[in-house]
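The numbers here are math on the coordinates, done by the rules we state, and not lab data. All of these numbers come straight from a predicted model, not from anything done at the bench. Here the Cβ positions follow ideal geometry from the backbone for every residue, glycine too, while neighbour counts run over all protein chains shown.
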């Protein structure tokens, strides 16, 4: 079920490109609302690990909290953007990249594997770059470049920390790391 919730935003993003530009924000609102409802009706006592094409998804109380927060905020953004984009031409562009961003954030939230978490994080960074540089003017592109450099630098440090975690735990799976602690001699070097 978590896979369906995650992939639903990606599929919705492509729907915004299929239909006319004037419907893209409404499609985005509908997809985000359905995502929110799906997350709310996931069984509360379900602590499930789902694997699809080598990507593991984990649903627990913490992922439920972050998934509902992410989809609710995205829903508010889309509703607000109805007025903001009333006269703008970039409705489809905005809807597409924001739904991809939502899908990648849900991927980060539900990922049980550090590699898939990193993959979804990089997609979110790309979406941030595209959304900040929506208007393609010099000042917007400079801000987008700055945001991209910051998120890429952070992602690089995150990747190195994931390698470090793997060296000590022997796994990339978050659910298999439960109860694992870093050896004391490693902490003394930090």
Order of 59, 118, 135 under a 10 Å beta carbon neighbour criterion, fewest first: 135, 118, 59
So for the chain, averaging the separation of alpha carbon pairs under 8 Å that are six or more residues apart and normalising by length, what relative contact order in percent results? 21
Inter-label distance for residue 161 and residue 7, nm, one decimal - labels placed 7 Å from Cα along Cα-to-Cβ: 3.1
Kindly put 134, 32 in sequence by how many other C-beta atoms sit within 10 Å of each C-beta, fewest to most. 134, 32
To the nearest 10 degrees, how steeply does helix 91-110 sit against the main Cα axis of the chain, on a 0 to 90 scale? 20
Ranking request for peptides 7-14, 136-143: highest mean number of other beta-carbon atoms within 10 Å first, then the rest in descending order. 7-14, 136-143
Kindly provide the helix-only [θ] at 222 nm of the chain, computed as the sum of -39,500 (n - 2.57) over DSSP H runs of four or more divided by all residues, to the nearest 500 deg cm²/dmol? -24500 deg cm²/dmol
Taking only the alpha-carbon positions of the range 2-189 and ignoring solvent, what does the Debye formula give for the base-10 log of I(q)/I(0) at q = 0.15 Å⁻¹? -0.94
Compute the long axis of helix 114-132 from its Cα atoms, compare it with the longest principal axis of the Cα atoms of the chain, and write down the angle in degrees, 0 to 90, nearest 10. 30
Separation between Cα centres of the range 9-29 and the range 104-132, rounded to whole Å: 20
Tell me the angle of helix 2-18 to the major Cα principal axis of the chain, expressed in degrees between 0 and 90 and rounded to the nearest ten. 30
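Sorted from fewest to most neighbouring beta carbons within 10 Å, what does the list 58, 76 look like?
Fewest-to-most ranking of 58, 76: 76, 58.
Taking 0.36 nm per intervening residue step and subtracting the Cα-Cα distance, what contour gain separates residue 79 from residue 60 on full extension?
4.0 nm
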